[in-house]
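Peer 1: This is the structure I want to talk about, given as structure tokens.
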Amino acid sequence: MQVFSNQLAEVLKEGLKPVYVTGGSEAVLEEEASREILETAQTAGIEDHEIHRLDSGSSRGRAKAMEWGGIFDELSESSLFGTRKLVEVRMRTAAFDDGAVAAFETYSAEPASNVLLVRLAGLDYRDKRKKWYGQLRSSKNVVFIVVDELNREHSIHWLQSKATSLGLKLTKQAAEKLSDYSEGNLLAARQELDKFQIILDEGATVDVDDIDLADASNAEMLEVIDAVFSGNAAQISRKLDGLSNQGRSSSRHELGTLAMVTQVLTLAHAKLMDSGSTIPGYQRRRVDALISRHGQAGVEKLLMECAQFNSMFLGMARGDAANLLRNLLFAIAGVQGSNLENEYEWRVIDRTIN
């Protein structure tokens with residue numbers, strides 16, 4: 001049966017189905033739907049999570065039935081310890097042949113202790129005209145989650161719901177403004193909400209004035225962040241100089257930039273500590289670049305320096321914030337070393353009791 005991402009929660013309340021397939025043009029919604037299925041499976045007592053990456057294996061870009069043989073054999077096997085498992089298959093193609101769809105039907109028709117989650121790389125209007133698409137839509141036991149781009153009304157509702165999940169309250173007017181500001185790009189809107197979560201207290205209200213402050217300079221700061229994780233020193237310098245010349249170099253933007261790089265460093269450290277940790281799809285490229293560039297010791301050192309830089313905003317240290325930020329970003333980009341301990345001074349706090 002076909003459902004949309006905003007309907008998935010209600011479907012999952014009815015109990016886990018043997019097969020889920022996600023696909024559509026909106027990567028953020030696809031990632032959220034997949035995570036929702038994984039979390040529901042964990043709540044239901046499914047302990048094992050296995051990931052397979054399936055290439056097409058044919059010139060027509062179709063996933064052949066024989067490529068699924070080993071996966072379904074694995075789903076049918078019982079664990080030696082009696083634990084259930086979720087097998088996740090990530091595909092580079094959004095097409096199946098008749099045999100693969102029939103295998104879905106066969107597996108989902110019988111009670112199963114294990115769950116199959118198939119994540120398609122994309123799904124467009126051409127795929128919706130094909131036979132396999134109609135077969136999956138009409139299946140009673142296969143849950144086919146379509147994650148297409150949202151219209152403006154649904155985008156506003158999604159933004160408010162996402163803000164709530166982050167511990168924030170986003171007013172309708174602010175959601176409308178953010179939707180227009182991001183031009184329907186859920187990835188950009190999500191990154192903006194992530195930043196609000198970091199710099200605001202839990203339970204804070206984000207209103208129109210907050211969104212108005214997130215003007216074009218924020219978009220430019222995102223370009224700075226991209227340059228940092230791609231290791232492009234020249235781009236970092238140009239963007240920071242441009243912001244400064246426009247009078248946009250402020251503590252708000254410095255704190256926002258610090259929050260964003262700290263978030264990625266924290267994700268990288270979590271992955272280094274546990275390779276199975278969940279990394280949001282839109283952050284994976286950045287996390288992998290950090291780990292490859294710095295390793296565990298380097299990531300830990302940079303996290304410590306981010307904390308030291310943040311101490312300036314807490315009034316615990318003095319220094320040239322703009323210069324310190326520039327040096328820190330260069331260090332993260334891997335184009336120079338950094339030692340913030342030698343670049344600013346700690347404030348002396350008088351604790352004398354008279």
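The values are calculated or read from the model by the stated rules, or taken from the named source; none is laboratory data. Owing to the predicted nature of the structure, the values given are computational and were not obtained by experimental measurement. Because the Cβ atoms are built from the backbone with ideal geometry, glycine has one as well, and the counts that use them run over all protein chains shown.
Peer 1: Report, by residue number, each residue of the range 1-59 that is β-branched (Val, Ile, Thr) and outside any strand (DSSP E or B). Can you show your working first?
Peer 2: From the range 1-59, those β-branched (Val, Ile, Thr) are 3, 11, 19, 21-22, 28, 37, 40, 43, 46, 51; that's our starting set.
Correct list: 11, 28, 37, 40, 43, 46.
Peer 1: From (1) closer than 27 Å to residue 24 by Cβ; (2) more than 17 Å from the chain's Cα centre (by Cα); (3) not aliphatic (A, V, I, L, M), pick out the condition that doesn't hold for residue 202.
Peer 2: Result: residue 202 passes all but (1).
Peer 1: Further question on the same structure: Take residue 169 and tell me if it is modelled with pLDDT of 85 or more, of a type in the set (Lys, Arg) and surrounded by fewer than 16 Cβ atoms within 10 Å (Cβ to Cβ).
Peer 2: Working: modelled with pLDDT of 85 or more: yes; of a type in the set (Lys, Arg): yes; surrounded by fewer than 16 Cβ atoms within 10 Å (Cβ to Cβ): yes.
When the stated conditions are applied, residue 169 passes them.
Peer 1: Right, something else. Is it the case that some residue within the range 220-234 is buried (at least 20 other Cβ atoms within 10 Å of the Cβ), at pLDDT below 80 and not assigned by TED's automatic domain parsing to the domain that holds residue 289?
Peer 2: yes
Peer 1: Restricting the search to the range 176-207, which residues are of a type in the set (Val, Ile, Thr) and not in a helix (DSSP H, G or I)? Don't jump to the end; show me each part of the working.
Peer 2: Initial filter on the range 176-207 (of a type in the set (Val, Ile, Thr)): 198-199, 205-206.
Within the range 176-207, 205, 206 meet the criteria.
Peer 1: Residues 112, 63: which one is modelled with pLDDT under 80, crowded, with 20+ Cβ neighbours inside 10 Å and touching a Leu at 6+ places or on another chain (Cβ under 8 Å)? Spell out how you get there, then give the answer.
Peer 2: Values: 112 fails: crowded, with 20+ Cβ neighbours inside 10 Å.
Exactly one residue qualifies, and that residue is 63.
Peer 1: On the basis of being within 21 Å of the chain's Cα centre (by Cα) and either modelled with pLDDT under 85 or among the aliphatic types (A, V, I, L, M) (or both), does residue 213 make the cut? Let's see the steps before the verdict.
Peer 2: On the way: within 21 Å of the chain's Cα centre (by Cα): no; either modelled with pLDDT under 85 or among the aliphatic types (A, V, I, L, M) (or both): yes.
No; evaluated as a whole, the condition is false for this residue.
Peer 1: Considering every residue within the range 195-203, establish whether at least one is surrounded by fewer than 20 Cβ atoms within 10 Å (Cβ to Cβ) and modelled with pLDDT of 85 or more.
Peer 2: yes
Peer 1: Between a first residue in the range 29-49 that is without any contact (Cβ under 8 Å) to a residue 40 or more places away in the chain and a second residue that is buried (at least 17 other Cβ atoms within 10 Å of the Cβ) and of a type outside the set (A, V, I, L, M), which pairs have beta carbons less than 6 Å apart while being 6 or more apart in sequence or on different chains?
Peer 2: Going by the 6 Å Cβ cut-off, the qualifying pairs are 48/85.
Peer 1: Okay, next question. Need pairs with beta-carbon distance below 7 Å; first residue free of Cβ contacts under 8 Å to residues at least 24 places away in the same chain and within the range 293-311, second hydroxyl-bearing (Ser, Thr, Tyr) and in a helix (DSSP H, G or I); sequence gap 6+ or separate chains.
Peer 2: none
Peer 1: I'd like to verify a number: residues in the range 237-276 that are at pLDDT 75 or above and surrounded by fewer than 17 Cβ atoms within 10 Å (Cβ to Cβ), how many?
Peer 2: 8
Peer 1: In addition: Can you name the condition, by its number, that residue 26 falls short on among (1) under 19 Å from residue 133 (Cα atoms); (2) in contact with a strand residue (DSSP E or B) (Cβ under 7 Å, 6 or more places away or on another chain)?
Peer 2: The failed condition is (2).
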